[in-house]
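A.B. asks: Got a structure here, written out as structure tokens. Questions coming.
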Amino acid sequence: MSSQSIHRIVLASGNAGKLREFRQVLAPLDVEVIPQSELGVTDAEETGLSFIENAILKARHACRCTGLPALADDSGLEVDALDGAPGIYSARFAGPGATDDENCERLLHQLAEIPQQSRSARFRCVLAFLRHAEDPTPLISIGTWEGQILEAPRGNGGFGYDPLFLVPDLGRCAAELVPEEKNRISHRGQAVTQLVEQIGPYLNRGL
């Protein structure tokens, strides 16, 4: 397929880990995923109270700033012992601009008195795809990945809370999975699979 037939989509995120995963899973569709930072787009203000609201806000902002179709991901970790926190605040759980390590440290601190068997949690991902800034019917897909929070980090892969997220069926945490395996079973992998099924008609007739 020629380069002229490759569709360009802006990713409404500057997260290197997310960019890498989206490029891997969308490559077979001849989609070029461009991070909004490369196009001079600043982060949208996430004023929504749900993953869905924030995903649409971010995608619409990227569309408006670039004139390109946009894909936004809003995802996070929900811990039952913390009443679903950190949820939509996962990326800034330890404060604005917090690093992955700082967020993980705060999570471990808040769960310090909680036994392993009571550390059930899930990653949740909502994707929103907009063809243009005024798109009235965004494509939405949702993925959920059940697991438990470990008492200490493990593994060297992944990002975010992956070193603390145990996948019970595998006996390994998300940071111990190779990218292909993680993409196949993760919350984001599930959501992307759904999105690929929905986005096909748009690609076939041109975005």
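A.B. asks: Determine which single condition PRO28 fails, assuming it passes every other condition in (1) more than 14 Å from SER75 (Cβ to Cβ); (2) in contact (Cβ under 8 Å) with a residue 12 or more places away in the chain; (3) of a type outside the set (D, E, K, R).
C.D. replies: All conditions are met except number (2).
A.B. asks: Let me ask another. Restricting to the stretch 125-141, give me the number of residues that are farther than 14 Å from TYR202 by Cβ and part of a loop (DSSP other than H, G, I, E, B).
C.D. replies: 3
A.B. asks: Let me ask something else. Collect the residues in the stretch 38-60 that are among the hydroxyl-bearing types (Ser, Thr, Tyr) and within 29 Å of ARG122 (Cβ to Cβ), keeping them in residue-number order.
C.D. replies: The initial filter retains those residues of the stretch 38-60 that are among the hydroxyl-bearing types (Ser, Thr, Tyr), namely 42, 47, 50.
Those that are among the hydroxyl-bearing types (Ser, Thr, Tyr) and within 29 Å of ARG122 (Cβ to Cβ): THR47, SER50.
A.B. asks: Right, something else. Out of ALA55, ALA85, ALA94, I need the residue that is at negative phi, touching a strand residue (DSSP E or B) at 6+ places or on another chain (Cβ under 7 Å), of a type in the set (Gly, Ala, Ser) and surrounded by 19 or more Cβ atoms within 10 Å (Cβ to Cβ). Which one? Can you show your working first?
C.D. replies: Numbers: ALA85 fails: surrounded by 19 or more Cβ atoms within 10 Å (Cβ to Cβ); ALA94 fails: touching a strand residue (DSSP E or B) at 6+ places or on another chain (Cβ under 7 Å).
Exactly one of ALA55, ALA85, ALA94 is at negative phi, touching a strand residue (DSSP E or B) at 6+ places or on another chain (Cβ under 7 Å), of a type in the set (Gly, Ala, Ser) and surrounded by 19 or more Cβ atoms within 10 Å (Cβ to Cβ), namely ALA55.
A.B. asks: Restricting to the stretch 1-19, and then to whatever is modelled with pLDDT of 80 or more and either of a type in the set (A, V, I, L, M, F, W, C) or part of a helix (DSSP H, G or I) (or both), can you tell me which residue is surrounded by the most Cβ atoms within 10 Å (Cβ to Cβ)?
C.D. replies: Filtering the stretch 1-19 for residues that are modelled with pLDDT of 80 or more and either of a type in the set (A, V, I, L, M, F, W, C) or part of a helix (DSSP H, G or I) (or both), the one surrounded by the most Cβ atoms within 10 Å (Cβ to Cβ) comes out as ALA12.
A.B. asks: Pairs only if they're at least six apart or on different chains, beta carbon under 8 angstrom, first in the stretch 142-168 and at pLDDT 95 or above and basic (Lys, Arg), second in a strand (DSSP E or B) and buried (at least 17 other Cβ atoms within 10 Å of the Cβ); list them, first residue then second.
C.D. replies: Close Cβ pairs (under 8 Å, with a partner that is in a strand (DSSP E or B) and buried (at least 17 other Cβ atoms within 10 Å of the Cβ)) amount to ARG154/CYS173.
A.B. asks: Report, by residue number, each residue of the stretch 163-182 that is more than 15 Å from ALA121 (Cβ to Cβ) and either exposed (fewer than 13 other Cβ atoms within 10 Å of the Cβ) or of a type in the set (Gly, Ala, Ser) (or both).
C.D. replies: Scanning the stretch 163-182 gives GLY171, VAL178, GLU180.
A.B. asks: Here is a list: ALA72, ALA44. Which entry is among the aliphatic types (A, V, I, L, M) and either part of a loop (DSSP other than H, G, I, E, B) or under 27 Å from PRO168 (Cα atoms) (or both)? Spell out how you get there, then give the answer.
C.D. replies: Working: ALA72 fails: either part of a loop (DSSP other than H, G, I, E, B) or under 27 Å from PRO168 (Cα atoms) (or both).
Going through ALA72, ALA44 in turn, the sole match is ALA44.
A.B. asks: Quick one: count up the residues across the stretch 142-151 that are under 23 Å from PRO179 (Cβ atoms) and in a loop (DSSP other than H, G, I, E, B).
C.D. replies: Taking the stretch 142-151 and keeping what is under 23 Å from PRO179 (Cβ atoms), we get 142-150.
Applying the additional criterion that residues be in a loop (DSSP other than H, G, I, E, B) yields 150.
Qualifying residue count, the stretch 142-151: 1.
A.B. asks: Residues of the stretch 20-41 being of a type in the set (Asp, Glu) and in a strand (DSSP E or B), which ones? Even if it seems obvious, please write down each step before you answer.
C.D. replies: Within the stretch 20-41, the first condition is being of a type in the set (Asp, Glu), and the residues that meet it are 21, 30, 32, 38.
GLU32 - this is the single residue of the stretch 20-41 that is of a type in the set (Asp, Glu) and in a strand (DSSP E or B).
The values are calculated or read from the model by the stated rules, or taken from the named source; none is laboratory data. Quantities reported herein were computed from a predicted structural model and do not represent experimental measurements. We place every Cβ from the backbone using ideal geometry, glycine too, and count neighbours over all the protein chains shown.
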